[in-house]
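Let me begin by presenting the structure, written as structure tokens, before commenting on it.
Values in this text are rule-based calculations from the coordinates and carry no lab data. Just so it is clear, the model here is predicted, and its values are computed rather than measured. In this analysis, Cβ positions are derived from the backbone assuming ideal geometry, glycine residues included, and neighbour counts consider all displayed protein chains.
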Amino acid sequence: MTDEIKISIRNLYKIFGDAPEKALAHVHAGMSKADLLEQENHVLGLNDINVDMPAGKTTVIMGLSGSGKSTLIRHLNRLIEPTAGEVLVDGDNILTYNARQLRDLRQHRMSMVFQKFALLPHRTVLENTGLAPSIEGKKTRAYADEATKWLDRVGLQGLGDQYPHQLSGGMQQRVGIARALTSNSDIMLMDEAFSALDPLIRTDMQDLLIDLQAELHKTIVFITHDLDEALKLADHLVILKDGFVVQQGEPQHILLNPADPYIEDFVGDINRARVLRTRSVMEKTEAPVEGLDGEVDHDDTLESVISMAEGDTNRHYRVMRDGRQVGVLHMRDLVRALVPSERGTDRALAS
Amino acid sequence: MATYDFVFDGLGLREWCGGDDAGGGLMSMDALLSETSGEATEVSAWDTPFPSLDALNEACPAMPQSRDLTSGLENGFLAIKDGLQVVVDPLTQPLSWALTNALWLMQAVPWWLMIPILMIVSFAVGRSLKLAGLVGLSFAFLAFIDYYDYTMQTLAIIFVCAFICVLFGVPIGIAMARNDKVQRGMIPVLDMLQTLPPFVYLIPLIFLFSVTEPKLYGIAIILYAIVPVVRLTDLGIRMVDKEVIEAADAFGMTERQKLFGVQIPLALPNIMAGVNQTIMMSLAMVVIASLVSAPGLGVLVLRGIRSLELGVGLVSGFGIVLLAIILDRVTKAALARINASQH
Ligand SMILES: Nc1ncnc2c1ncn2[C@@H]1O[C@H](COP(=O)(O)OP(=O)(O)OP(=O)(O)O)[C@@H](O)[C@H]1O
Ligand SMILES: [Mg+2]
């Protein structure tokens, strides 16, 4: 990968309990999470996590409840201290930071959006949005313009003087996002930021985030337990189970090559035609090919190609990216990719 | 012969007890009775006394009697009293001073200034004209029946004591909320303050200070009334939403900013509920404290009891109820305003 790495997690372990060091030795010796809980009465929160998060991209961490997602994201700003391992931000190991450096990291370089919004109920929407500058000691007057700008950007024009309890859940989370943006940090941590919202509002918020990201190119770490949301937002997808990383990589690749029955279960119910892109199932070739039935974009969903081909499986299309051919799409391959088949065949297809 | 002779004989302690002649020292009532009746008491198994200090003393004069225990405590207290006074006296002197001045001030301000001031204060706190009207009417009524001075004295004492309760109670509550060890240490103390009958700690206080000093009743009231504000501050701060605290941390607040900018404001409804309780308990204690020279309506209640003046007792009791209603309404109105702004 040529992408610049913004956050890098190295051999991170977190064990909850009275004597985590001792328990860590058992984990190194190969004890499982269930055994550790039963025999040592310690909870294995994170087990040897290694993740690189590319700058300016969205990394989504996905897993079932209790898999350690919240624990992991809280290590990035040290709301939780690890038992062992390193967290590098811009190449700096933040675990060596003293209290002042850590506050600086939290004030200027990272911001966070919470599942239950976590707004301060006794401050107005404007004051909540300006939390980061107010912590630096700026007066309301000094940050009002900046805060209002971001409130407008997330669609909350003219609501600055309201109190959080006067807003709906979706609007409160928009304040949460505006608050994170007002801190002007490069990194945004989002812990199940949309999970408490109902489906329609949730889709709106996802679209808002995609819009913002196209414009701002923040490094976003987004947590969810919803695969549709993960696939919609992720540039890099990390799947956690019982505190360890089962698989990580490009979402389309994971979808086509699930490394584990756990992930097969996860991706089994997804509408693949709507999620998979032509680039993921095409035959890679730049050589000109004769007798094609038309052109498609590399980022088109399979669904749109199927409707274009009117269901005919004998067609072949040229796949274009920025006006250049990058591959050829055979409708047979496309149809085969729609069925989550045995791993062996999927493998062969992708390579 | 006493019931428990065999214990000392069996253990070979007869020597230590000072020989056979049981009955040295002060005799218990039973022993005296049996002696005068002149019969050797043959105690049946049914009547075997519990091996208490007195019963054992009967068998062995070297054992202390139970009255030695109480007088020992008393002597012990008297022995440390002087040392204690040297420390406690100057520390509590500001309390005497505050009480004396507050009493003077509340009575020095003429009624036609005082009643409007109290109405304005209650309006400022509760933002309700009805409430201010109630306050004005109540004080006018108490003044009309010539209880104005007593009422002002009671009010002055409550203001000073409640203020000091908040001044010390809120920081103690904060310390308890921030540190589990402090909380574990404080809870038994608070439990004790809350359950000890106030008369019990009045006694050592009387030994420590002279009865004429205002701080005597001041301390008694404060000890009694401080408990709710401490408890509710602790509870309020611990109940602040964990995610909001996390947000404060995640955006880089210092501990100080978090305490004053988040925890205290969010705990305010609970703290105010504690202040309300504290004021009500000071009012209850003011009556008891008039036993040790606290002025105010309590003195009249006491007079009613002492000289059986039914009318005085009833009217002053009614005055206290009226005061309680006003104080309760005003603090509850403040509480309601805080709640309304947060939820
Ligand atoms: N303070 C703690 N003490 C003990 N165990 C903990 C603590 N915090 C988390 N855990 C355990 O660590 C594991 C991971 O928890 P975590 O909250 O990170 O899960 P999650 O993936 O965020 O789940 P959810 O989707 O429910 O939020 C769980 O087994 C949990 O019980
Ligand atoms: Mg979680």
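Percent of alpha carbon pairs in the stretch A:5-249 separated by more than 27 Å? Mind dumping the intermediate values first?
Working: 11406 of 29890 pairs.
The calculated P(r) of the stretch A:5-249 puts 38 percent of pairs beyond 27 Å.
Given R0 = 51 Å, the distance between the Cβ atoms of B:GLU243 and A:VAL335 translates into a calculated FRET efficiency of 0.65. Across all C-alpha atoms in the protein assembly as shown, the radius of gyration and Dmax reach 38.5, 137 Å.
So if the hydrodynamic radius of the stretch B:298-343 is defined as the Kirkwood radius over C-alpha pairs, what does Stokes-Einstein give as its diffusion coefficient at 4 °C and 1.567 mPa s, in µm² per second? Don't skip to the end; give the middle numbers.
Working: Rh = 12.3 Å.
Translational D for this selection: 105 µm²/s.
Mind giving me the FRET efficiency for B:ASP89 and A:GLU215? R0 is 45 Å, r the Cβ-Cβ distance, nearest 0.05 is fine. It would help to have the intermediate numbers written out before the result.
On the way: r = 71 Å, r/R0 = 1.58.
Working from the Cβ atoms, E equals 0.05.
Please list, or write none, the lysines whose alpha carbon is within less than 27 Å of the alpha carbon of B:LYS181, excluding same-chain residues fewer than 8 places away. Within reach: A:LYS14, A:LYS22, B:LYS242, B:LYS258. The coefficient of translational diffusion for the stretch A:1-122, derived via Stokes-Einstein from the alpha carbon Kirkwood radius under 37 °C and 0.692 mPa s, stands at 207 µm²/s. Here the Karplus relation 6.51 cos²θ - 1.76 cosθ + 1.60, evaluated at θ = phi - 60°, turns the backbone of the stretch A:3-17 into coupling constants of 4, 6, 9, 8, 10, 10, 9, 10, 6, 7, 10, 9, 10, 8, x Hz, with x for every Gly and Pro. Excluding same-chain neighbours fewer than eight residues apart, the aspartates and glutamates reachable from B:LYS130 by a Cα-Cα span under 17 Å are B:ASP328.
Only four residue types carry charge here, +1 at the Cβ of Lys and Arg and -1 at the Cβ of Asp and Glu. Report the dipole size of chain B about the Cα centre in Debye, rounded to the nearest 20. Spell out each step's value before the answer.
Details: 19 positive and 29 negative charges, 561 e Å.
With Lys and Arg at +1 and Asp and Glu at -1, about 2700 debye.
Past the 12 angstrom mark, what percentage of all C-alpha to C-alpha distances in the stretch A:157-209 do you count?
Details: 934 of 1378 pairs.
Value for the stretch A:157-209 (Cα pairs over 12 Å): 68 percent.
Per-residue mean of foreign Cβ neighbours for A:107-119 is 4 (Cβ atoms of other chains, 10 Å radius).
Starting from the Cα of A:LYS139, draw a straight line to each of the aspartates and glutamates and keep only those under 14 Å, dropping any in the same chain fewer than 8 residues away. Partners found: A:GLU127.
With contributions of -39500 (n - 2.57) from each DSSP H run of at least four residues, the per-residue ellipticity at 222 nm computed over the protein assembly as shown stands at -18000 deg cm²/dmol. Compute the convex hull volume of the Cα atoms of the stretch B:227-312, divide it by the residue count, and report the result per residue in Å³ as a whole number. Given the Cα convex hull of the stretch B:227-312, per-residue volume reads 104 Å³. If the only charges are +1 at each Lys and Arg Cβ and -1 at each Asp and Glu Cβ, what is the size of the charge dipole of the stretch A:63-207 around the Cα centre, to the nearest 20 debye? Rounded to the nearest 20 debye, it is 360 debye. Proximity of backbone amide H atoms, modeled 1.01 Å from N, is registered between A:MET188 and A:SER111, A:THR219, A:ILE220, A:VAL221 at under 5 Å, excluding neighbours fewer than 5 places apart on the same chain.
For the protein assembly as shown, the Cβ-based charge dipole about the Cα centre amounts to some 2720 debye (Lys, Arg positive; Asp, Glu negative; other atoms uncharged).
For chain B, the Kirkwood hydrodynamic radius comes to 24.4 Å, computed from all pairs of different C-alpha atoms. For the stretch A:272-350, a Kirkwood hydrodynamic radius built from all Cα pairs, placed in the Stokes-Einstein relation at 37 °C and 0.692 mPa s, yields a translational diffusion coefficient of 262 µm²/s.
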